[in-house]
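Asks: Before we start, here is the structure in question, set down as structure tokens.
What follows is calculated from the coordinates using simple rules that are stated; it is not laboratory data. On a predicted model such as this, the values are computed, not experimentally measured, just so you know. Every residue, glycine among them, receives a Cβ derived from its backbone with ideal geometry; neighbour counts consider all protein chains shown.
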Amino acid sequence: MNKVELAGRWLKKAESDLLVARQVLVDLWPKQIEISCYHSQQCGEKTLKAFLVAQDIDPPKTHDLLLLCQKCAEIEPDFKRFFNDCGELTVYSVTTRYPDEIEITEKDAANALEKASRIYHYIFTKLSSSF
């Protein structure tokens, strides 16, 4: 599989996470706030990894979005605009999987979804001409 195909597969997985994050927050009752945050983080992680793969870079095996974004910024400095978003999303990679680890509000989940969506659409736009 070439890098373009692999990056496309990463993006497809990221899109699925974004759809789930939105659906469990907006369309499901009761709202699944922690699950939405988790999938928002996963969307950001997979999207950043898609960008790295498209640059022929093996992404590190990490859930740290800030680290992934820093690697992307080494290639394109414009990624620095997402440093804060990535730092905020990273916390949801583990803490949302366990009870009583962190208190998350519906507003937190909506913000996480917005951040993930921004990252996804930015990278999707950058890579879409490759597909």
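Asks: Quick one: Cα centre-to-centre distance for the range 101-131 and the range 33-59, in angstrom?
Replies: Measuring centre to centre over Cα atoms gives 9 Å.
Asks: Oh, and also: DSSP loop trypsin sites (Lys or Arg not before Pro) in the range 1-91 with at most 12 other Cβ atoms within 10 Å of their Cβ, which ones?
Replies: Lys61
Asks: Another one. Eight or more residues apart or on different chains, and alpha-carbon atoms under 13 Å: count the Lys pairs in the chain matching that.
Replies: Taking the chain as the scope, the lysine pair count is 12.
Asks: Mind telling me which of Pro77, Pro59, Pro99 comes out most flexible in a GNM of the chain, alpha-carbon contacts under 10 Å?
Replies: Looking only at Pro77, Pro59, Pro99, the biggest GNM fluctuation is shown by Pro99.
Asks: Can you tell me the relative contact order of the range 3-130? Whole percent, Cα pairs under 8 Å, sequence separation 6 or more.
Replies: So the answer I get is 32 percent.
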